[in-house]
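Report on the structure given below.
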Amino acid sequence: MLWSLFKILLLLAIVVALAFGAQWILSLSGEVLITFAGSEYTLSPLIVVLGLLVLTLALWIIFKLTGLLIAVLRFINGDDTAIGQYFNRNRERKGYEALSDSLIALASGESREAAAKAQKAEKYLQRPEVTTLVVAQAAEAAGETERAREAWKQLVTIDRTRFVGVRGLMRQKLDEGDTATAMKLAEKAFTLKPRHVETQDTLLRLQARDENWEGARRVLTAKRKSGALPKDVYARREAVLSLADARYQLAKGETTKARAEALEANRLSPELVPAAVLAARMHLETGDKKRAAKVLKAAWAKSHHPDLAAAFADIEPSETPDARIKRFQPLLKLDPSAPESKMLEAELHLAAEDFPGARRALGNTYETHPTSRTLSLMAAIERGEGASEAVVRGWLAKALGAPRGPQWVCENCGTVHGAWLPVCTTCEAFDTLDWTEPRAGQSATAGLPSDMLPLLVGGPNEAPATTVPAPVESPANGATDTLDAEVTPPGGNGAAATKGDGSPAPEAPRA
């Protein structure tokens, strides 16, 4: 609106200036004397100005006729396109002006004007690979999906723009939620340009979502060859794919293939907790306890995870609680000040009915790092030492409202997962789950054991229970779910309650 008003005012200013100029010329007095070939010509100022304008027009016509004459001579000389180029030059100029206006309008957010200018440019230029691209982008920006789809399809038919058209259609299908068609288009785009990073990422995400691990590996290899992935990141993601494939093969009953993939995943990324747990399980199935322990110790040195402790306990499921404490010492000494190490040692002492030892092992972790697990351990220690039900219920009440501690959290969207997965269930990002504490508002108390509730609603004068709540490892989130099972002291070690892959482990013998 303002631009139209400015153009109108500018036109009026030009007209007024011409009017004043004409009036000024008419008001001039005097004459112009021109002598040519012995003759004198007397002209008024107005005639001189008009003569100059006519001379300029005549020179312009002469230049044009000269250009046409040159084109005719070149045509006669054998250049069949000379005359056509002469007449098309003006059309090209208008076409490129319209194309420039279209790009400027598109960058300015005026999508409808951009599409109109692009169509005008197409009329002059006859270059659909350029103008149709602008039409497609302008239609997408304006929300005209069908018009954009037709433009993308037209680009697919042109060799130079086939990849651009396929990519545009792929993005449309992704926006519509048609992942099956988007997958096919992504595969086609990857075939056309295997080094295109965005296409690689999209195809990898879709293939991982559909558990097409073999295809995902091909894309990952292409990313590595194109230099889009550092070597360490490539090794980590290759390990994730090997682990996912191992789980898939295990579900099909292909134990041999699953074993090979699990060991390969652990070799590529020794700190990947699920890979270490599954590799240890594979070693245990062949009776190689030494290798299983070595794998778990190497992973524990990088990441203190309860699933690793549970798998380490599975190496000797029938040992006594005192023997288990002794066997776990090399694991605990790797980082004795870590909260996970303190909680694990406290659980081991609880299983051995050494409640003062459990309190010493836990230290002040329940104050420096209060979680549902540390507070539940304090409830178990207090009950084991004969504290009143009111004290025990007080600890359990704190545990209900406390954070769950470290969990599998998606680094991309922040979603908390109950178990490790190669693909986030919310944003479908690949290899984004990390064992860490959720941000405020992400960790919910949902999932705490309902067995706690009877202890909270009971009267303060109830007779003390004869069982001690044993902290039980949850492979889903690593937090301790107190009273998921009640164990008569001395109970089994909580670290052996579950296997690292989520299946129940054999219960430790009770004394």
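What follows draws every value from the coordinates through simple rules; no lab data is involved. Note that the structure is a prediction, hence the values are computed from the model and not measured. Glycine gets a Cβ as well: all are built from the backbone with ideal geometry, and neighbour counts include every protein chain shown.
Structural remarks
- Spatial separation of Cα centroids for segment 301-374 and segment 400-434, in angstrom: 24 Å
- Using a Förster distance of 30 Å, the FRET efficiency for Thr436-Lys225 (Cβ separation, nearest 0.05): 0.40
- As computed over segment 196-239, the Cα convex hull volume per residue (Å³): 57 Å³
- The length gained by stretching the chain between Arg127 and Glu285 to full extension, at 0.36 nm per residue less their Cα-Cα distance, is 50.2 nm.
- If you take all other residues with their beta carbon under 15 Å from the beta carbon of Glu437, and give Lys and Arg +1 and Asp and Glu -1, the sum is 0.
- Charge tally in the Cβ shell below 15 Å around Thr256, where Lys, Arg are +1 and Asp, Glu are -1, Thr256 excluded: 0
- Potential lengthening between Glu146 and Val391 on full extension [0.36 nm per residue; Cα-Cα distance subtracted]: 81.4 nm
- Charging the Cβ of each Asp and Glu at -1 and of each Lys and Arg at +1, and nothing else, the dipole of segment 106-184 about its Cα centre rounds to 280 debye.
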